[in-house]
1. Measuring with a 1.4 Å probe in the full set of protein chains, what accessible area per residue, in whole Å², belongs to chain B?
2. Out of the total accessible area of the protein assembly as shown (probe 1.4 Å, heavy atoms of protein only), what percent is carbon and sulfur?
3. Tell me what chain B gives for mean residue ellipticity at 222 nm when only DSSP H runs of n ≥ 4 count, each as -39,500 (n - 2.57), the sum divided by the residue total, rounded to 500 deg cm²/dmol.
4. Viscosity 1.567 mPa s, temperature 4 °C: give me the Stokes-Einstein translational D for the stretch B:101-159 in µm²/s, with Rh taken as the Kirkwood radius over C-alpha pairs.
5. Go from 0 up to the bin containing the longest alpha carbon distance in the protein assembly as shown, width 10 Å each, and give me the % of pairs per bin.
6. Dividing the Cα convex hull volume of the stretch B:168-237 by residue count, how many Å³ per residue is that?
7. Given N residues in chain B, what is its alpha carbon radius of gyration divided by 2.2 N^0.38 Å?
8. What do the square roots of 5 times the Cα gyration tensor eigenvalues come to for the stretch B:125-263, in whole Å, largest first, as semi-axes of the equivalent ellipsoid?
Amino acid sequence: MREEILTQRVLIADDGYFLTNGKTSGEVATMPIDADASVWREITEEEKIAIDKENSEETEE
Amino acid sequence: MTLAEEVREKALQLKQDFDDVKEAGYAEGYPKGVVDGEADGYNKGKTDGYNEGYADGLANGGGGSQAVDLFPYMKIVQFDSAFSEITEPQVFHLEQVISLNQTFYNSRLFCPKITLYISDKCTNLQHTFRYGHIDTVSTIEEIEIIGDTSKITTYNQAFNYRQSIKRILGAFDFSSCTVANSTTAMFGNCTSLQEFYPVANTIKVAISFANSPNLIPACKQAIINGLADLTGQTTQTITFHKDVVLSEEQKATITLKNWTLVQ
């Protein structure tokens, strides 16, 4: 027998919205319970497209 | 003339006619065969003789330049967009190359597969196969990188915009990727991607497969296995396409390693 206690924080965007930390985006963010959730904010699809585009254009160091 | 005699006479005539036609056909065919055979033989002899003579001369000639494969000696390789003229699978030995920055940048790729042999000298796969924008023209499906990838410090946009690629094979070691943007948009717009296999426990910075809904089960697990345990360190993000199905156990593995799963 084994016991696993899973502690996760799950952020779910409202319908039609997405979550982003400025670098990546999605509808659901599943993170460790002690992770910093404040880095995530809700955005519209237009904002998501703009962020994804900006990250794709980001080039060399 | 009796019927029997009449039949016999006609049979003899038929045989004579046959023999005449045969002889006429032979008379016409033989000289043509001689001419055509001679021409074909001459041309083949000329071509084969030339090729053999050239090869021998090239191998034995002194003081002149020889056709030598220079790729193993190159340190940096970048191909012109004219690579699009090549349609056969390509293999390159680039064991001396230190940078594959923009090697196939903006090239339309119509060869089905490109194989690159590298060594631990290579540290840069930035923009290696990146296209300028979403690539709806290229047909390449498979890339394989064989060799030591442990010294590569950046895969920034390595395969960005390549929509046709299905398989990126090789053992991709991310041990030396420690900067945040070393994996940025590595698989941006890789909408056909099915297979990619990182070395286990080597990924330490955020990585995204957000545009790849078709990852096969073995690949999904390999990616999860590729995540380093970041317990006690800054949480990083692993992004999968929302249609990629992960089990609860896989999700738990991700968060237990101190990663945030984004879908």
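The values are calculated or read from the model by the stated rules, or taken from the named source; none is laboratory data. Keep in mind it's a predicted model, so treat the numbers as computed, not measured. Every residue, glycine as well, gets a Cβ built from its backbone with ideal geometry; the counts of neighbours run over all protein chains shown. Quick note on the areas: whole protein, heavy atoms, side chains included, nothing else; ligands and nucleic acids left out. Shrake-Rupley method; radii C 1.70, N 1.55, O 1.52, S 1.80 Å.
1. The answer is 53 Å² per residue.
2. Carbon and sulfur: 53 percent of the exposed surface of the protein assembly as shown.
3. The helix-only estimate for chain B comes to -10500 deg cm²/dmol at 222 nm.
4. Answer from the Stokes-Einstein relation: 109 µm²/s.
5. 5, 20, 24, 14, 9, 6, 6, 6, 5, 3, 2, 0, 0
6. So the per-residue Cα hull volume is 80 Å³.
7. 1.77
8. 23, 17, 13
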